[in-house]
1. When residues of segment 153-198 are filtered for being touching a residue at least 12 places away in the same chain (Cβ under 8 Å) and among the basic types (Lys, Arg), how many remain?
2. Conditions first: (1) touching a residue at least 60 places away in the same chain (Cβ under 8 Å); (2) surrounded by 17 or more Cβ atoms within 10 Å (Cβ to Cβ); (3) more than 30 Å from ASP15 (Cβ to Cβ). VAL201 passes all but one, so which condition is the exception?
3. Is one or more of the residues making up segment 71-92 within 18 Å of GLY186 (Cβ to Cβ) and under 15 Å from the mean Cα position of the chain (by Cα)?
4. Would you tally the residues in segment 180-190 being surrounded by fewer than 20 Cβ atoms within 10 Å (Cβ to Cβ) and either of a type outside the set (A, V, I, L, M, F, W, C) or under 15 Å from the mean Cα position of the chain (by Cα) (or both)?
5. Could we say that THR166 is out of contact with any Lys or Arg (no Cβ under 7 Å at 6 or more places or on another chain), within 17 Å of PHE51 (Cα to Cα) and not in a loop (DSSP other than H, G, I, E, B) here?
6. Taking ARG120 and the conditions (1) closer than 16 Å to GLU199 by Cα; (2) crowded, with 17+ Cβ neighbours inside 10 Å, which numbered condition does it fall short on, given that it satisfies the others?
7. Quickly run through segment 126-145 and pick out the residues that are within 26 Å of ASN159 (Cβ to Cβ) and part of a loop (DSSP other than H, G, I, E, B).
8. Can you list residue pairs whose Cβ atoms sit under 6 Å apart, with the first residue in segment 81-96 being within 27 Å of PHE124 (Cβ to Cβ) and at pLDDT below 95 and the second being of a type in the set (D, E, K, R) and part of a loop (DSSP other than H, G, I, E, B)? Count only pairs 6 or more apart in sequence or on different chains.
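The values are calculated or read from the model by the stated rules, or taken from the named source; none is laboratory data. Fair warning: this is a prediction, and the values are worked out from it, not measured in the lab. Neighbour counts are summed over all protein chains in view; Cβ atoms, including those assigned to glycine, are modelled from backbone coordinates with ideal geometry.
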Amino acid sequence: MACSITSGRGIDCRDSIGGIKAVFFTNDYCDNITASATVTANSYTITDADFADWSIHGTPTSGKVRVLRYLLVTDLSSMTVAVSADKATGSVMYNQTLSIVLQKTTAADLFQVGLLGKNRPQIFVQDSNDNVFLMGIENGCYLTGGDTLSTGAARTDLNGLTLEFTAMEKDPLYTIPASAGAGTTGYPFDGLDDETALEIVVA
């Protein structure tokens, strides 16, 4: 059967930590990632994204796939993947949820939130262990909740943005190969064979 289980799993080292370092939004929805990317057999690891053939390649002007980086303060943001299954219909889907907190509020931030609400970009999520996951690989991600703006009441309360993005996919999550570490050209996408075709836009 195509769904036969192929490996077991032991107890690994206690060297993993929680949290998210950064998220990277594609500047628009791409509809052909799974058709273009090279994926390692028996895993969801993308070794060559084939950015040059993505339907959003070259937009808006760089000639590359563009992702917008949002750095995150530790201990505030998270990503979860929940299984949604129905044995009566034989269907299994994976609900991917990303919750991010952005401290402080600017007019530019609110403008970008408006664009995110209208778009459905794919989102790369970099966790605290430098694992990078791709949310919404086929259907994109939707801004579905959060406190778009919270001023807080007490002077120690959050003044900023809380945003929640969701995606529903037939596969759990796709990943990219491990990075060589901070300071590497193309970090954290340097594990990809074609990371030079990716433009990372920072603040």
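1. 1
2. In the conditions (1) touching a residue at least 60 places away in the same chain (Cβ under 8 Å); (2) surrounded by 17 or more Cβ atoms within 10 Å (Cβ to Cβ); (3) more than 30 Å from ASP15 (Cβ to Cβ), VAL201 misses (2) alone.
3. In the first step, residues of segment 71-92 are kept if they are within 18 Å of GLY186 (Cβ to Cβ); the result is 71.
Checking which are under 15 Å from the mean Cα position of the chain (by Cα) leaves us with 71.
Checked against the condition, which is being within 18 Å of GLY186 (Cβ to Cβ) and under 15 Å from the mean Cα position of the chain (by Cα), segment 71-92 yields at least one hit.
4. Of the residues in segment 180-190, the ones surrounded by fewer than 20 Cβ atoms within 10 Å (Cβ to Cβ) are 180-187, 190.
With either of a type outside the set (A, V, I, L, M, F, W, C) or under 15 Å from the mean Cα position of the chain (by Cα) (or both) added as a condition, the list becomes 181, 183-187, 190.
Count: 7.
5. Details: out of contact with any Lys or Arg (no Cβ under 7 Å at 6 or more places or on another chain): yes; within 17 Å of PHE51 (Cα to Cα): no; not in a loop (DSSP other than H, G, I, E, B): yes.
When the stated conditions are applied, THR166 does not pass them.
6. Failed condition: (1).
7. SER128, CYS141
8. Taking only residues 6 or more apart or on different chains, not a single pair turns up.
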